[in-house]
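First up is the structure itself, then whatever we jot down about it.
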Amino acid sequence: MGLTLPLAPPAGPFESPLRAAGDPTISSSLAPNAVLLVVVAVLVASGVFLLLDRSLVRVLLGTLLIGNGVSVLFLVVGGPAGEPPFAGIPATDVSDPLPQAMVLTAIVISLATIGFLLALSYRLWQLSGTDNVPDDIEDARLQELADLDEPSSTFAEGEESTTTADELAEDHT
Amino acid sequence: MTPGLVSDLVPLPVLLPLLGAALTLAVRRSPRLQRLTSTAVLTGLVVVAAVLVVEADRRGPLVLWVGAWKEPLGISLVADRLSALMLLVSGVVMLVVLVFSIAQGYEDDETDTPMTIFHPTYLVLAAGVSNAFLAGDLFNLFVGFEILLFASYVLLTLGGTSERIHAGTTYVVVSLLSSALFLIGIAATYAATGTVNLAHLAIRIGGLDPGIVLVLQLCLLTAFGIKAAVFPLSAWLPDSYPTAPAPVTAVFAGLLTKVGIYAMIRVQTLLFPQSTLHGLLMWAALLTLVIGILGAVSQSGLKRILSFTLVSHIGYMLFGIALATAHGMAGAIFYVVHHITIQTALFLIAGLVERFAGTTSLDRLAGLAAASPLLSILFFTAAMNLSGIPPMSGFLGKIGLFQAGVEFDTPLSWALVVGGIVTSLLTLYALAKVWNQAFWRPFPEIPDTDLAGQASGPAEAPVLGEAPVLGDDAVLGDDAVLLEGPGAGAGSTTATALARTQGPSTSRALPPVMLAATAAMTAVGLVIALVAGPLFAYAQRAATDLMRRDPYITSVLPLPPGVRQ
């Protein structure tokens, strides 16, 4: 038989993404769970807020929150909860297992990442006595120029810099 | 070979390095066994990849369902022409760089702890890269990315010196963000289509509302754009790469950004053939090209210059992807192969320069041409190749892309052709500046200002025989301590201090194996030009497959579409 692939979108009125895909594993209820969506939004928003901080520990907490937000998003994606996936229960009644498998993987990965970031911030604290994320090297160089010469328009007198002596020394070379 | 047997080879590029990583971790007390294992594993990887290239070219995409679980539950590994080629190139690069780092380890007589985790991590990196190239579904692609990113976090912060921790922080946080975006993209894709298998998605995504498709596409492209260092998302790269040990930087520069480019090629051709983002991608390509190279021109350290050229030349590949024509894709694929080899070669050379002269700062380097003619020839060849001087592969790759751009024939594609030529010239300018300062300029101009500058610095001027206090941090050579500052840098070895005060003539000799590995990498760049005809034909066939899509889809899902949906 001829094998034709639907490379172009099918003609006709568009229904909904889920129905168009016509996948039986997805529940017939198309409305996502509003509560979970709000939780996702709050988690990601708080995460972004923390991510913008200079302290690495706060950045770490931010990534943690964003990661959890994304995990909850996968729950939303999985559709409404169904029966546990045991043998004997009809496949249509069972919760969609695939997003759960994916979210488990994502959780494991984020656990490892957080562990690594914690070690990193501890080492940063060991080395510099602070866990603040250092200035950008280029920015530090500009600021140094401003220090030596007249202050540029973007340079604020008395603003504290977290550039370490090491970095400045390196810029000299 | 029978088809079944060939398909069984498909998971090997992931399995071999993973097993090798476990083995090297088990024999961590014996550096010699570690070196032997890693070399054997990566050699095996290259052989398997070469077989896959031949077979994928002959039979079309090779598919393996892991654990024989078929769709819709199974996880597929797919080696089509593009994947196989990427596997082969990455395997060769990883092997050559491994030889380089082993030679460096021998020279420095490394038996400390950091070296023992280097081999397992390096092999895990290889597994991650292979997994990303072979992944037949979006989530497995994500897992591949995570594996290689994790290995790269460790490699980048190896030794845990202040510089590397600083660089590592930026890198880790940026990578985490891009991973989160990628996950959101996967979740949205799954919500819209109910699958993450790429072939399955290729069929289903056609039925979606164009607006939803656009959101999915933007989400995935942004995530890959961060990994590939496309312009507005590229600021992390020049800050994080140069601080790592030389072999690590070389492998990162060669491979990691290209995995992002590969992912972009894959999703753009397979999932979004009706892409409406030509304009956006072309603008991104143009800005990446021009702004990246302007960054390179303004830098004064060899490694940072190279990092900026790396960012800039990503624009060429994005150019090919943005055109979304068979010729554009073929040009991009050829350019990826060229760029992986040449960028790795250049970073290895930078590593040798740093080892030889004790610094990569252009203000302090001089007279290298007289001091080490061989190194100079290597740098000159590689630099000319990157800038696109005919008849080398850089020239051929750019010509292929420009032809595709001219065929496309819109004002923006012409602008990109012009931008590409300007970038090529500016690359030549930036590298010629390196050549003039570091290699060609006679030596005696330097010491006075140089030493004065050091004395006025916060640290003291290098003293002969200052003990290698930071020896533990010198993981893969002396570059770790060199970045600590002028005074501390001299602490690594007496030879370095000599190099500072008396010039390259008395600095330590370059180990022949390291030179040979670097020369091999440079030579691979030249060989690409020699075999450009067959390679371009291969890239063309790969690109045609990508644009037609059905070779990939039918080999993964050999069922008629009615049953499949």
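The values are calculated or read from the model by the stated rules, or taken from the named source; none is laboratory data. Computed from a predicted structure; not experimentally measured. FYI the Cβ positions are ideal-geometry reconstructions off the backbone, even for glycines, and counts take in every protein chain you see. Side chains included, ligands, DNA and RNA excluded: accessible areas come from the protein's heavy atoms. Shrake-Rupley method; radii C 1.70, N 1.55, O 1.52, S 1.80 Å.
See the values below:
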item	result
Heavy atoms of B:PHE133: accessible area, 1.4 Å probe, square angstrom to 10	0 Å²
Protein accessible area in segment B:131-281, 1.4 Å probe - carbon and sulfur %	76 percent
Radius of gyration, Dmax [segment A:30-133; alpha carbons; angstrom]	17.8, 60
Solvent accessible area, Å² - A:ARG123, 1.4 Å probe, full protein context	70 Å²
Pairwise burial B:A, computed as accessible area of each alone minus the pair, summed, 1.4 Å, Å²	4900 Å²
Positive dipole terminus of segment A:30-133, leading residue within A:VAL57, A:LEU98, A:LEU43 (C-beta point charges)	A:VAL57
Prolate/oblate/rounded label for segment B:7-108 (Cα gyration tensor, a/c 1.5)	oblate
Calculated on alpha-carbon atoms, Rg and Dmax of segment B:175-234 in Å	12.0, 34
Share of carbon and sulfur in the accessible heavy-atom surface of segment A:24-143 [1.4 Å probe, %]	70 percent
